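First up is the structure itself, then whatever we jot down about it.
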Amino acid sequence: MALSTHIHQELLPVRSSAPTKSMRARMQDALPKLVLAPSFAITLIFVYGFILWTIYLSFTNSKAFPKYVLTDARAYQRLWRWTFESDPPSSWYTSITNMGIFGVLYIAICLGLGLLIAILLDQKIRGEGVLRPIYLYPMALSFIVTGVAWKWFLDPGLGLEQTLHQWGWTSFHFDWIKNKDFVIYTVVIAGVWQASGFVMAMFLAGLRGIDSEIVKASQIDGASTFQLYRRIIIPLLRPVFLSALIVLAHMAIKSYDLVVALTSGGPGGSAWLPSNFMYEYTFKRNEMAVGSASAVIMLATISAIIVPYLYSELREKSR
Amino acid sequence: MMRKLMMAAAMLATTALTAHADDVKEVQMLHWWTSGGEAAALNVLKQDLAKEGYTWKDVPVAGGGGDAAMTALKAMVAAGNPPTASQMLGYTVLDYAEAGKMGDLTETAVAEGWDKAVPAALQKFAVYDGKWVAAPVNVHSVNWLWINKAVMDKIGGTEPKTFDDFIALLDKAKAAGVTPLALGGQNWQEATMFDSVVLSTGGPEFYKKAFNDLDEDALKSDTMKKSFDNLAKLKGYVDPNFSGRDWNLATAMVINGDALVQVMGDWAKGEFVAAKKVPGTDFLCYRFPGTDGSVIYNSDMFGMFDVPDDRKAAQIALAKATLSKSFQSAFNVVKGSVPARTDVPDTDFDACGKKGIADLKAANEGGTLFGSLAQGYGAPPAVANAYKDVVSKFVHGQITSSDQAVEELVKAIDDAK
């Protein structure tokens with residue numbers, strides 16, 4: 001740091017004394033900016049611009065098409081009222097409670113299972129090269145494929161239950177996908193199946209990056225395997241937890257296709273997530289203002305969780 | 001390399017230009033009739049137009065209910081590049097007309113006599129502000145029972161005339177160990193069946209008041225409560241695995257004799273016909289018990305957009321061909337629905353089709369032709385979907401009593417209005 005400022009100061013007078021920089025040097029200066037400019041502009045418009053547009057629409061009276069006259073916060077008032085309608089559950093109430101159940105279970109199970117498989121695979125076992133991709137491959141499937149496959153598998157008349165009945169275990173009963181109270185857990189099952197292998201790969205990479213000296217040192221100090229993982233290795237994986245959490249959290253929030261393919265909304269709409277609610281209201285029910293308001297609330301919720309976490313993690317790193 | 005690229009670009013540009021020049025003789029059509037029978041039905045129209053020298057350009061978007069197609073349409077219209085016409089349902093036409101996006105077919109309509117031939121109930125959706133904006137293609141009717149004849153004979157059943165008859169018939173099937181009622185537990189199917197239940201329970205006047213006029217007194221009346229009770233009765237006759245089933249799988253249960261009856265619109269007939277079944281010998285079509293004489297309809301329309309002048313000739317040709325008697329007959333024979341004009345001869349139709357045509361004519365004249373709320377012809381989409389929510393929550397047990405159902409229905413419809 002000190003050296004570079006020193007050089008910089010040295011160079012400064014030279015620069016100002018040279019009236020024209022060489023073409024090449026200027027190009028080199030401008031090139032990164034030039035290359036980044038299009039993607040920067042696209043992100044600015046298509047992400048942040050449309051976020052603002054959505055916020056604007058949520059305060060209008062837009063129905064099938066956008067209307068640009070600002071009205072009041074009626075869309076938010078309706079959502080607020082629906083938030084507390086639990087008997088019978090309003091679609092919005094169902095969506096947000098499902099989001100809570102799905103989000104917590106999906107992230108927690110994916111992290112737990114991913115870490116466990118990664119640790120087991122890290123025991124220098126034979127055939128790791130074969131096993132690793134087997135766990136990872138579900139990630140290569142689209143949510144639609146995962147959804148349809150699990151839909152057939154969990155359908156009591158087609159899949160698991162039917163097969164076990166044919167094999168003679170006739171008392172077996174598993175109809176969660178048809179049950180309004182349990183259908184959201186089938187979404188968790190399918191989601192975890194798809195993503196935990198990916199989380200495993202992230203943890204595995206993290207485990208491989210741990211300095212073996214530290215591990216050896218703790219072993220010499222007489223740490224048991226459990227203590228080793230509990231006190232040394234898992235705390236060292238903290239940055240991986242951060243990355244995995246961010247990836248999983250945004251996948252959980254944007255889950256839409258999985259619910260549609262797996263449950264087509266569930267019995268009486270009992271499997272809806274906020275993204276389903278948003279799509280339904282915006283495009284099928286011609287209530288664009290309500291749809292936009294729900295999208296804004298989704299954004300606010302995810303920001304409220306992720307931003308403080310990011311902030312604390314990143315600040316710690318820069319210290 | 002560079003040169004080749006430039007040549008390719010030049011060729012692309014010329015093809016784009018020539019394509020544009022051809023636009024005048026081209027019909028661009030957005031639709032979601034992509035399944036076998038539907039595509040075949042549409043082919044009739046393509047050939048009719050080809051005879052007049054118009055080429056056909058499909059803009060197909062798959063997906064039974066047309067949600068994806070409507071999203072695509074919205075994008076095309078918003079970008080100022082509407083198709084010549086698009087398959088549309090009910091209130092969608094009016095929404096686009098209100099936004100000033102639709103063309104004007106009034107001249108053609110007057111010349112072709114659509115005003116007299118097309119039932120007034122349909123004109124409510126095809127005419128906006130005195131102008132024809134859409135060409136109705138067909139009329140589907142919702143209040144039908146589709147019955148497997150072999151199963152019916154086995155249990156010794158006869159045509160049910162009242163709701164109680166129907167329950168007795170279902171009991172017979174249950175006793176014989178057949179699934180009595182094939183139902184797909186998706187909200188639109190449940191609500192489609194409930195349309196018929198309400199018409200049967202409350203009669204035509206009540207249906208109109210509640211589901212077309214959205215009269216609050218009718219919606220929270222005891223008759224509506226009784227309708228929900230009747231729906232609860234019907235729910236006792238479905239198999240435990242019904243939730244989430246697609247409508248055509250439910251139809252297949254009846255075709256294969258696994259179930260006795262399905263309550264579904266006449267598009268179900270297309271499935272029977274595709275399975276080479278003959279009405280009267282393999283399957284029976286009855287009106288939902290207690291709804292004889294009334295028809296709950298929905299209709300496919302071709303919405304005609306406000307296109308540039310050089311594309312108008314093609315649009316008019318399409319509109320004329322769509323409502324020509326020959327096409328109306330040929331198309332609807334294949335599709336399972338009945339013609340959208342009441343002066344088409346029924347000679348080519350099967351027994352169910354003939355009955356459908358006669359019923360439509362009678363209902364049109366008697367004023368008992370009503371829009372289906374479940375199918376989006378009773379009220380705008382926001383209301384229709386709120387209604388579907390309530391019915392589905394009732395069927396699947398989130399709403400536990402008919403009192404609560406009525407209360408929720410009033411609240412949901414009021415909220416969506």
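The values are calculated or read from the model by the stated rules, or taken from the named source; none is laboratory data. It should be emphasised that the depicted structure is a prediction, and the values quoted were computed from it without experimental measurement. Heads up, the Cβs are rebuilt from the backbone with ideal geometry, glycines too, and the neighbour counts pull from every protein chain shown.
For every residue, the table says whether it meets (1) outside the structural domain of B:GLU205 (by TED's automatic domain parsing); (2) within 17 Å of B:PHE349 (Cβ to Cβ); (3) within 18 Å of the chain's Cα centre (by Cα).
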{"position": "B:PHE228", "(1), (2), (3)": "no, no, no"}
{"position": "B:ALA274", "(1), (2), (3)": "no, yes, no"}
{"position": "B:CYS285", "(1), (2), (3)": "no, yes, yes"}
{"position": "B:PHE302", "(1), (2), (3)": "yes, no, yes"}
Restricting the search to region A:176-187, which residues are surrounded by fewer than 19 Cβ atoms within 10 Å (Cβ to Cβ), in contact (Cβ under 8 Å) with a residue 60 or more places away in the chain and within 23 Å of the chain's Cα centre (by Cα)? A:TYR185
Considering only region A:266-290, how many residues are outside any helix (DSSP H, G or I) and of a type in the set (Phe, Trp, Tyr)? 1
Subset of region B:387-407 that is surrounded by fewer than 21 Cβ atoms within 10 Å (Cβ to Cβ) and not polar (S, T, N, Q) - its residue that is nearest to B:SER200 (Cα to Cα): B:ASP403
Pairs, please: C-beta under 7 Å, at least 6 apart or cross-chain, first residue under 18 Å from B:GLY184 (Cα atoms) and in region A:139-161, second not in a helix (DSSP H, G or I)? A:TRP152/A:LEU158; A:TRP152/A:GLY159; A:PRO156/A:PHE174; A:PRO156/A:ASP175; A:PRO156/B:ASN241; A:GLY157/B:ASN241
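Based on this model, can you work out whether A:ALA293 counts as within 24 Å of A:ARG81 (Cα to Cα), in contact with a Lys or Arg (Cβ under 9 Å, 6 or more places away or on another chain), within 13 Å of chain B (Cβ to nearest Cβ) and not in a loop (DSSP other than H, G, I, E, B)?
Working: within 24 Å of A:ARG81 (Cα to Cα): yes; in contact with a Lys or Arg (Cβ under 9 Å, 6 or more places away or on another chain): yes; within 13 Å of chain B (Cβ to nearest Cβ): no; not in a loop (DSSP other than H, G, I, E, B): yes.
Taking the combined requirement at face value, the residue does not satisfy it.
Against the definition (closer than 30 Å to B:ASP246 by Cα, in contact with a strand residue (DSSP E or B) (Cβ under 7 Å, 6 or more places away or on another chain) and in a helix (DSSP H, G or I)), how does A:TYR93 come out, yes or no?
Values: closer than 30 Å to B:ASP246 by Cα: yes; in contact with a strand residue (DSSP E or B) (Cβ under 7 Å, 6 or more places away or on another chain): yes; in a helix (DSSP H, G or I): yes.
Spelling it out, A:TYR93 is indeed closer than 30 Å to B:ASP246 by Cα, in contact with a strand residue (DSSP E or B) (Cβ under 7 Å, 6 or more places away or on another chain) and in a helix (DSSP H, G or I).
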Would you pick out the residues in region B:236-246 that are out of contact with any strand residue (DSSP E or B) (no Cβ under 8 Å at 6 or more places or on another chain) and within 12 Å of chain A (Cβ to nearest Cβ)? B:PRO240, B:ASN241, B:ASP246
Look at region B:379-417 and say how many of its residues are closer than 18 Å to B:TYR207 by Cα and more than 10 Å from every other protein chain (Cβ to nearest Cβ). 8
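Within region A:241-264, take every residue that is within 14 Å of another protein chain (Cβ to nearest Cβ) and part of a helix (DSSP H, G or I) and give me the one that is farthest from the chain's Cα centre (by Cα). Spell out how you get there, then give the answer.
Filtering region A:241-264 for residues within 14 Å of another protein chain (Cβ to nearest Cβ) gives A:256-257, A:259-264.
In the following step, the residues that additionally are part of a helix (DSSP H, G or I) were identified as A:257, A:259-263.
Values: A:ASP257: 14, A:VAL259: 15, A:VAL260: 18, A:ALA261: 19, A:LEU262: 19, A:THR263: 20 Å.
Step by step, filter region A:241-264, then rank; the result is A:THR263.
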Exactly one of B:ALA384, B:ALA416 is under 18 Å from the mean Cα position of the chain (by Cα) and either over 16 Å from B:MET193 (Cβ atoms) or in the same structural domain as B:MET224 (by TED's automatic domain parsing) (or both), and that one is B:ALA384
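With the structure loaded, tell me whether B:GLY376 is within 14 Å of chain A (Cβ to nearest Cβ) and on the phi > 0 side of the Ramachandran plot or whether it fails that test.
Values: within 14 Å of chain A (Cβ to nearest Cβ): yes; on the phi > 0 side of the Ramachandran plot: yes.
For B:GLY376, the condition - within 14 Å of chain A (Cβ to nearest Cβ) and on the phi > 0 side of the Ramachandran plot - is met.
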Pairs only if they're at least six apart or on different chains, beta carbon under 8 angstrom, first in region A:287-302 and under 20 Å from A:LYS67 (Cβ atoms), second assigned to a loop (DSSP other than H, G, I, E, B) and among the acidic types (Asp, Glu); list them, first residue then second. none
Please find, among A:GLY265, A:GLY291, the residue that is modelled with pLDDT under 90, out of contact with any His (no Cβ under 8 Å at 6 or more places or on another chain) and not charged (D, E, K, R). A:GLY265
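Each row is one residue, and each column tells you yes or no for (1) surrounded by 15 or more Cβ atoms within 10 Å (Cβ to Cβ); (2) within 12 Å of another protein chain (Cβ to nearest Cβ); (3) of a type outside the set (Lys, Arg).
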| position | (1), (2), (3) |
| --- | --- |
| B:ALA50 | no, no, yes |
| B:THR55 | no, no, yes |
| B:PRO60 | yes, no, yes |
| B:LYS74 | yes, yes, no |
| B:SER86 | yes, no, yes |
| B:VAL93 | yes, yes, yes |
Picking from B:PRO289, B:PRO345, B:PRO279, B:PRO339, the residue that is farther than 26 Å from B:THR251 by Cβ and either without any contact (Cβ under 8 Å) to a residue 40 or more places away in the chain or of a type outside the set (A, V, I, L, M, F, W, C) (or both) would be B:PRO345
In region B:183-237, anything at positive phi and of a type outside the set (A, V, I, L, M) is listed as B:GLY203
If we keep just the residues of region A:265-286 that are farther than 20 Å from A:PRO66 by Cα and at the interface with chain B (Cβ under 9 Å from one of its Cβ atoms), which is surrounded by the fewest Cβ atoms within 10 Å (Cβ to Cβ)? A:GLY265
In region A:125-226, which helices (runs of 4 or more DSSP H) lie fully inside it and hold 3 or more residues that are away from chain B (no Cβ under 14 Å) and not hydrophobic (A, V, I, L, M, F, W, C)? A:128-136, A:183-208, A:212-220
When region B:171-227 is examined, which residues are found to be within 14 Å of chain A (Cβ to nearest Cβ) and not in a helix (DSSP H, G or I)? B:THR179, B:ALA182, B:LEU183, B:GLY184, B:GLY185, B:GLN186
Answer yes if at least one residue in region B:179-200 is without any contact (Cβ under 8 Å) to a residue 60 or more places away in the chain and more than 21 Å from B:ASP266 (Cβ to Cβ), and no otherwise. no
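Considering region A:224-259 alone, what residues qualify as being over 30 Å from A:GLN123 (Cα atoms) and surrounded by 19 or more Cβ atoms within 10 Å (Cβ to Cβ)?
So in region A:224-259, the residues over 30 Å from A:GLN123 (Cα atoms) come out as A:250, A:252-259.
Passing the criteria: A:ALA252, A:ILE253, A:SER255, A:LEU258, A:VAL259.
Mind checking whether some residue in region A:98-105 is part of a helix (DSSP H, G or I) and either within 14 Å of another protein chain (Cβ to nearest Cβ) or modelled with pLDDT under 90 (or both)?
First, pick out the residues of region A:98-105 that are part of a helix (DSSP H, G or I): A:98-105.
Those still in the list that are either within 14 Å of another protein chain (Cβ to nearest Cβ) or modelled with pLDDT under 90 (or both) too: A:98.
Yes, region A:98-105 contains at least one residue that is part of a helix (DSSP H, G or I) and either within 14 Å of another protein chain (Cβ to nearest Cβ) or modelled with pLDDT under 90 (or both).
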Filter pass, B:ALA69 being modelled with pLDDT under 90, aliphatic (A, V, I, L, M) and touching a Gly at 6+ places or on another chain (Cβ under 9 Å): yes
Per-region count, region B:96-147, residues surrounded by 20 or more Cβ atoms within 10 Å (Cβ to Cβ), within 14 Å of chain A (Cβ to nearest Cβ) and in contact (Cβ under 8 Å) with a residue 60 or more places away in the chain: 2
Could you check, for region B:156-166, whether at least one of its residues is outside any loop (DSSP other than H, G, I, E, B) and more than 26 Å from the chain's Cα centre (by Cα)? yes
Based on what the data block shows, is B:ASP359 within 14 Å of chain A (Cβ to nearest Cβ), crowded, with 20+ Cβ neighbours inside 10 Å and of a type in the set (Asp, Glu)? no
Say whether the condition of being loosely packed, with under 10 Cβ neighbours inside 10 Å and modelled with pLDDT under 90 is met by at least one residue in region A:57-69. yes
